[in-house]
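In what follows, a single structure is set out as structure tokens and then discussed.
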Amino acid sequence: KAYAEELARKGFAIVLISRSQEKLDDVSKAIASKCGVETKTIQADFSAVDIYSKIEGGLTGLEIGVLVNNVGISYPYPEFFLSVPNLDTFIDTLVNINITSVCQVTPACLAVFRKKGAILNISSASGMYPVPLLTVYSASKVIAFVDFFSRGLQAEYKNKGIIIQSVLPFFVATKLSKIRRATLDKPSPERYVASQLNTVGLQTQTNGYLPHAIMSHWLSTITTPSVLIICYFR
Ligand SMILES: NC(=O)c1ccc[n+]([C@@H]2O[C@H](COP(=O)([O-])OP(=O)(O)OC[C@H]3O[C@@H](n4cnc5c(N)ncnc54)[C@H](OP(=O)(O)O)[C@@H]3O)[C@@H](O)[C@H]2O)c1
């Protein structure tokens, strides 16, 4: 939502894709009236895999300039692997939402991409280190996947004017992180997105926000005991 609002403020027409038509209608109306841009919605539940022809159909005739591959879920609460509720279904759902969506929405959008544009693949700093008790989430965000996907595509598209960026935030105060009050190191989504968008075209891989970049630098230059990482991500 914060990405859609910030891009609309910059004058982009917006296509919102998410699972609840009611929420899509509310956000799309608010953006259209506040920013005076065209909006369109496509209802799709990314836990399923038969949604991509609908998305492709919804994008037909548009010219896409920026794709933000943002959809993602995490654990309801940190838990030991075998004690995650409904583990089998949870794994399928998480893989479909966090991984398959990136691979499938990207070609649907590339088919209608402008000559110049950007694809932002939202990963997570939890993909930079193994995070016990969020093991499947951390593995689904593993930097190698998004980063190799983004860098491979960047090489394929480098002469076509398309920037592909992998984005690795630490905590942002959203529904997913269950953090209610924003702080300097856990910014509001609006603050994070405004900062992150300033890195497009400058960094192919980014933490997107200065305090997060400092934390990433610190974690990668010292040998951090895994207990510290567990404490931070909890
Ligand atoms: N927040 C953090 O601390 C943090 C840190 C690092 C990385 N990230 C990554 O940032 C991205 C955005 O996360 P967020 O924190 O903004 O989460 P969020 O507030 O929960 O937003 C996620 C969005 O995805 C939608 N969504 C969830 N499941 C869906 C499904 N099955 N089908 C369609 N749409 C679905 C949600 O719709 P509903 O409103 O209907 O649920 C919501 O619009 C994720 O990829 C996450 O892994 C977040």
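The values are calculated or read from the model by the stated rules, or taken from the named source; none is laboratory data. As the structure is a prediction and not an experimental result, all values here were calculated from the model. Glycine also receives a Cβ, built like all others from the backbone with ideal geometry; neighbour counts cover every protein chain displayed.
Close contacts from region 1-22, counting a first residue that is among the polar types (S, T, N, Q) and a second that is in a helix (DSSP H, G or I) and more than 7 Å from the ligand (Cβ to nearest atom), with Cβ to Cβ under 7 Å and a gap of 6+ residues or different chains, come to S18/L24.
Filter region 162-182 for residues that are in contact with a Ser or Thr (Cβ under 7 Å, 6 or more places away or on another chain), part of a loop (DSSP other than H, G, I, E, B) and under 23 Å from T106 (Cβ atoms) and give the result.
The first filter runs over region 162-182 and keeps only residues in contact with a Ser or Thr (Cβ under 7 Å, 6 or more places away or on another chain), leaving 164-169, 171, 173, 176, 182.
With part of a loop (DSSP other than H, G, I, E, B) added as a condition, the list becomes 168-169, 171, 173, 176, 182.
The answer is L168, P169, L176.
Is there a residue in region 13-27 that is surrounded by fewer than 18 Cβ atoms within 10 Å (Cβ to Cβ) and more than 16 Å from the ligand (Cβ to nearest atom)? Yes: one or more hits. Regarding V146, is this residue under 27 Å from G57 (Cα atoms), hydrophobic (A, V, I, L, M, F, W, C) and out of contact with any Phe, Trp or Tyr (no Cβ under 6 Å at 6 or more places or on another chain)? Judged against the criteria, V146 is a match.
Tallying residues that are closer than 13 Å to V68 by Cα and over 13 Å from the mean Cα position of the chain (by Cα) within region 114-151 yields 2.
What about A30, is it in a helix (DSSP H, G or I) and surrounded by 18 or more Cβ atoms within 10 Å (Cβ to Cβ)? Judged against the criteria, A30 is not a match.
Within region 154-186, the residues that satisfy the criterion of being of a type in the set (S, T, N, Q) and closer than 15 Å to S124 by Cα are Q165, S166, T174, S177.
List the strands (runs of 3 or more DSSP E) that sit entirely inside region 37-135 and contain at least 2 residues that are free of Cβ contacts under 8 Å to residues at least 60 places away in the same chain, within 11 Å of the ligand (Cβ to nearest atom) and surrounded by fewer than 19 Cβ atoms within 10 Å (Cβ to Cβ).
Working: elements: 39-43, 64-69, 113-122.
Here the list reads 39-43.
Mind counting the residues in region 194-234 that are assigned to a loop (DSSP other than H, G, I, E, B), touching a Pro at 6+ places or on another chain (Cβ under 7 Å) and either of a type in the set (A, V, I, L, M, F, W, C) or at pLDDT 90 or above (or both)?
Taking region 194-234 first, the residues assigned to a loop (DSSP other than H, G, I, E, B) are 198-204, 207-209, 222-225, 234.
Pick out the ones that are also touching a Pro at 6+ places or on another chain (Cβ under 7 Å) and you get 207-209, 234.
Then drop every residue that is not either of a type in the set (A, V, I, L, M, F, W, C) or at pLDDT 90 or above (or both), which leaves 207-209.
Selection size over region 194-234: 3.
Just one of the numbered conditions (1) acidic (D, E); (2) in a helix (DSSP H, G or I); (3) in contact with a helix residue (DSSP H, G or I) (Cβ under 6 Å, 6 or more places away or on another chain) is not true of D185: (2).
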